[in-house]
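Take a look at the structure below.
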Amino acid sequence: MAKSKPLIRVLLADDHAVVRAGIRQFLEREKGIRVVAEAGDGEEARQLVEKHHPDVAVLDIQMPKASGIDVTRWIRAHHVDVGVLILTAYDDDPYVLAVLQAGANGYVLKTSAPGEIIQAIKDVDEGKSVMDPAITQKLLTHITAPTPGAGIEELTDREMQVLELVGKGFTNKAIGVQLNISDRTVQGHLAHIFNKLQAASRTEAVMRAVSLGWLPPDIGQLKEE
């Protein structure tokens with residue numbers, strides 16, 4: 001008998017109880033997802049991440065005591081293996097840039113359909129980067145190439161291969177299989193890519209590469225084969 005996939009354990013953090021209740025309702029109708037905790041502010045979110053160690057933390061941006069941006073930074077510093085999905089009503093450029101720089105794995109608007117939010121959680125759990133299509137093009141106008149003289153270093157052929165697969169939504173494990181290298185080697189390539197592109201996340205690295213003309217603008221629309 002095939003071994004069933006473990007549940008995706010989710011933390012919901014939003015200061016509006018009715019919003020949390022609505023999201024929880026459709027998430028828990030989905031087989032394979034369980035909401036293990038709810039937080040009404042950023043400080044409580046940190047405490048519950050510490051206590052439950054969820055697979056994915058779904059965070060609003062504007063919360064009392066600590067913003068979703070602050071919580072994302074804290075998670076990246078203390079629980080690097082916890083995926084972070086920002087689920088918010090805000091599509092303002094400064095918010096998007098701030099959460100990506102803080103290390104969020106995805107950014108989805110609350111206007112998204114339940115199925116899209118569920119898929120975003122699954123993608124983040126698999127290590128993929130997720131960006132709401134409604135703000136991808138806006139973001140490209142702000143994540144620009146470094147200015148001339150900034151010392152941008154070109155990527156090696158192997159680093160470009162890794163980055164292209166990242167842009168297509170491949171996880172580190174899948175990239176390793178595609179390129180016949182280990183997960184650790186993939187992580188090493190990503191560290192060099194982030195450093196060279198002055199990026200703090202997979203999504204930001206892909207967007208910056210697009211702005212440099214190194215990747216096609218529709219890279220995020222490509223599907224894993």
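Mind checking which residues of the stretch 173-208 are among the acidic types (Asp, Glu) and closer than 16 Å to LEU155 by Cβ?
GLU204
Among the residues that make up the stretch 93-104, is at least one of them surrounded by 24 or more Cβ atoms within 10 Å (Cβ to Cβ) and within 22 Å of PHE26 (Cβ to Cβ)?
Yes: one or more hits.
Does at least one position in the stretch 91-102 carry a residue that is within 23 Å of GLU204 (Cβ to Cβ) and either of a type in the set (Lys, Arg) or at pLDDT 95 or above (or both)?
no
If I ask for residues that are surrounded by fewer than 17 Cβ atoms within 10 Å (Cβ to Cβ) and either under 19 Å from ARG76 (Cα atoms) or among the aliphatic types (A, V, I, L, M) (or both), which ones from the stretch 1-40 would you list?
MET1, ALA2, LEU7, ALA17, VAL18, VAL19, ALA21, VAL36
Please specify each residue of the stretch 1-57 satisfying the condition of being under 17 Å from ASP123 (Cβ atoms) and free of Cβ contacts under 8 Å to residues at least 24 places away in the same chain.
Residues satisfying the conditions are PRO6, LYS31.
Restricting to the stretch 58-93, give me the number of residues that are within 17 Å of the chain's Cα centre (by Cα), part of a loop (DSSP other than H, G, I, E, B) and either outside the structural domain of ILE23 (by TED's automatic domain parsing) or touching a residue at least 40 places away in the same chain (Cβ under 8 Å) (or both).
Number of matching residues: 2.
Determine, yes or no, whether THR111 is surrounded by 24 or more Cβ atoms within 10 Å (Cβ to Cβ) and either of a type in the set (Val, Ile, Thr) or touching a strand residue (DSSP E or B) at 6+ places or on another chain (Cβ under 6 Å) (or both). Let's see the steps before the verdict.
Numbers: surrounded by 24 or more Cβ atoms within 10 Å (Cβ to Cβ): no; either of a type in the set (Val, Ile, Thr) or touching a strand residue (DSSP E or B) at 6+ places or on another chain (Cβ under 6 Å) (or both): yes.
Spelling it out, it is not the case that THR111 is surrounded by 24 or more Cβ atoms within 10 Å (Cβ to Cβ) and either of a type in the set (Val, Ile, Thr) or touching a strand residue (DSSP E or B) at 6+ places or on another chain (Cβ under 6 Å) (or both).
The values are calculated or read from the model by the stated rules, or taken from the named source; none is laboratory data. What you are looking at is a predicted structure, and each value in this text was computed from that prediction instead of being measured. In this analysis, Cβ positions are derived from the backbone assuming ideal geometry, glycine residues included, and neighbour counts consider all displayed protein chains.
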